[in-house]
Amino acid sequence: MANKAQDNERLTVVIFGASGDLTHRKLAPALFHLYKTGALPQICHFVGVARSEMDDASFRESLYTGVEEAEIGKYGEWAEFASRISYIQGSSTDAESLQRIDSAVSAASTDSARDDRIYYLALAPHLYAPTLTALGAAGMLDQANGFRRVVIEKPFGTDLASAQKLNETVHSVLQESQVFRIDHYLGKETVQNLLVFRFANTIFEPVWNRNYVDHVQISVLESVDTAGRGEYYDEAGVLRDMMQSHLLQLLALVAMEPPATSTANALRNEKAKVLQSVRKYNIDQAAENSVRGQYQGYRDEEGVAESSGTATFGAIRLQVDNWRWQGVPFYLRSGKALQSKVSEIAIQFRPPPHTIFETHGPDVTPNLLRIAIQPHEGVHLTFENKKPGTRMGTAPETLEYHFPPQVIRDSYERLLLDAIEGDQSLFTRSDEIEVSWEIIDPFVNGWHNSLKSQLYAYGKGTRGPKAADEFLGPVRKWHDDREDEG
Ligand code: NDP
């Protein structure tokens, strides 16, 4: 039951692109669950907009499939929620359609109720700018009668220049406080736990620096291939699809300085600051500090060019040029069609400066902290322990904490609620987006030039190209689930 806010607060969530995959698989289940748990304002409505011909009943029915798949409700509960959903056939860039939408939403308002609105752009990225311009021209972003917030999906631009241009359009019709650029990784429980882990404990922060940390690995590995999205993926590749957004956001949370407060701006200031400290390479340096790969069979997929040079796997080495991290490499790795689906951050600590014990190998195993983002969400800390017996040998053991699976909700739920409540902490600010592109663009350009960077083939269902192991050097190795299974 919706019950959160006052009687005079009325919320409408307008989803542009409502006939699409994101709405069905993520947004409708997330909104339904929020409604069921009483997290939404008492008076709330949901309006789907797309060009396809549908009436309210068939739109509601189509959304129910996503809810069924997410296993979050019975049809009876859904029916009450569904009565608040309507569908308007139209285009997000068309003045006449927007006028119909605006009139329909306004007409449902009473004199006393505020008319708060969230516009969710679940649209192809090329429609973000024209849609925002059209919403501005229609007067639908004016906040005289209630808030107007816009959620913008990723990807936000395809390089620095396009992101800057899009930000210009955004700021021509909206204040930054109205903009919610979504990166659903930040909605994950384990990603937010990074903040708690670092800043609600005292024992980790003193060693969270170049004096104790050897290197950091951030891996987002997928077992799925492009899954029918070949046309989009062939343009994007792993750098634009994953590195510029999810992986750099994770790097920012791992490497940033402690914010003074938990407000959105304090947090985003620190994230932006550390991203600004990441060394900006030229294209030769970017090629030297990276490995790229493509899985076999990728070029046969629908929508992919026959001679495509798009990387479906990438590993890059970044340096953060500040006092805390000088000389500590950050390795970012992501790819598709790999052996397992794993998202994880590994903080590899330095070995003790001198060993006095007999060990299982040539040296004691240095401490390792692994933050498992998915699956098995939790934290693993590996430390040396005495090997039982009469000798003074050591062996690594691991302390583990795992979140109970039932507490893990889909990240869209948390992020939609934050947008409704106006909390921008987990949304990306314009400067963060732009500096992220500044970091990634040289890799895109270096990889584009095949003379500077070789494209390695790898088999589907493997760990990616062998060159990625060599890239880490003879001593360092990737920490991923294979070791657990192993
Ligand atoms: P889809 O292509 O499945 O859906 C987009 C929908 O937009 C289409 O169904 C289309 O329907 C509608 N549309 C097209 N033009 C207009 C228009 N002018 N006005 C209103 N509606 C229009 O895309 P997704 O749902 O997969 O993705 C949407 C956005 O979310 C993209 O930017 C994507 O990058 C991002 N995203 C998606 C994720 C996912 O899991 N799907 C994950 C992360 C980000 P119609 O023809 O009926 O108008």
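The values are calculated or read from the model by the stated rules, or taken from the named source; none is laboratory data. As the structure is a computational prediction, the values presented were derived from the model and not from experiment. Backbone-built Cβ (ideal geometry, glycine too); neighbour counts: all protein chains shown. Side chains included, ligands, DNA and RNA excluded: accessible areas come from the protein's heavy atoms. Shrake-Rupley method; radii C 1.70, N 1.55, O 1.52, S 1.80 Å.
Quick look at the values:
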item: Estimated Rh, the range 314-456: Kirkwood, alpha-carbon pairs, angstrom; result: 19.7 Å
item: Largest-first ellipsoid semi-axes for the range 177-297, taking √(5λ) over the Cα gyration tensor eigenvalues, angstrom; result: 29, 19, 15
item: Extension reserve of the Gln374-Arg198 stretch, reckoned as 0.36 nm per residue once the Cα distance is removed; result: 61.5 nm
item: Value of Rg/Rh across the range 223-367 [Cα atoms, Kirkwood radius]; result: 1.06
item: Glu400/Ser83 FRET efficiency (R0 45 Å; Cβ-Cβ; nearest 0.05); result: 0.50
item: Residue-span extension gain [Ala227 to Val475] - 0.36 nm each, minus C-alpha spacing; result: 85.7 nm
item: Furthest towards positive pole of dipole, Ile420, Phe383, Tyr458, structure part the chain, Cβ charges; result: Phe383
item: Cα→Cβ-extended label distance, 7 Å offset, between Ala467 and Glu288, nm; result: 1.7 nm
item: Full-extension gain in nm, Glu176 to Glu421, via 0.36 nm per residue minus C-alpha separation; result: 86.7 nm
item: Modelled label reach - His126, point 7 Å along Cα→Cβ, the range 215-258 residues with backbone N closer than 16 Å; result: 230-236
item: 19 Å cut-off, amide nitrogen to a point 7 angstrom out along Glu53 Cα→Cβ, residues in the range 85-101; result: 87-92, 97
item: Nearest-0.05 FRET efficiency for Met392 and Glu306, computed from C-beta distance (R0 60 Å); result: 0.45
item: Average accessible surface area per residue within the range 368-486, 1.4 Å rolling probe, Å²; result: 51 Å²
item: Kyte-Doolittle at least -1.0, axis length at least 30 Å by Cα - qualifying DSSP helices, the chain; result: none
item: Carbon + sulfur, % of accessible area of the range 9-153 - ligands and nucleic acids excluded, 1.4 Å; result: 50 percent
item: Equivalent ellipsoid semi-axes - Cα gyration tensor, the range 67-184, angstrom; result: 27, 21, 14
item: Diffusion coefficient, µm² s⁻¹, Stokes-Einstein with Kirkwood Rh over alpha-carbon pairs of the range 9-153 at 37 °C and 0.692 mPa s; result: 214 µm²/s
item: Placed amide H near Gly146: partners under 5 Å, 5+ positions off or other chain; result: Asp115
item: Which listed pairs, of Lys74/Lys460; Lys188/Lys452; Lys165/Lys460; Lys280/Lys336; Lys26/Lys452, have C-alpha distances above 29 Å, in listed order; result: Lys74/Lys460; Lys188/Lys452; Lys165/Lys460; Lys26/Lys452
item: Separation in nanometres of the label points that stand 7 Å from Cα toward Cβ, at Asn209 and His448; result: 4.0 nm
item: Pairs of Cα atoms farther than 21 Å apart, the range 209-278, %; result: 42 percent
item: Accessible area of the range 9-153 divided out per residue, in Å², using a probe of 1.4 angstrom; result: 41 Å²
item: Viscosity 1.002 mPa s, temperature 20 °C, Stokes-Einstein D of the range 134-184 from Kirkwood C-alpha radius, µm²/s; result: 182 µm²/s
item: Debye log10 I(q)/I(0) at q = 0.09, 0.12 Å⁻¹ for the chain, Cα point scatterers; result: -0.67, -1.14
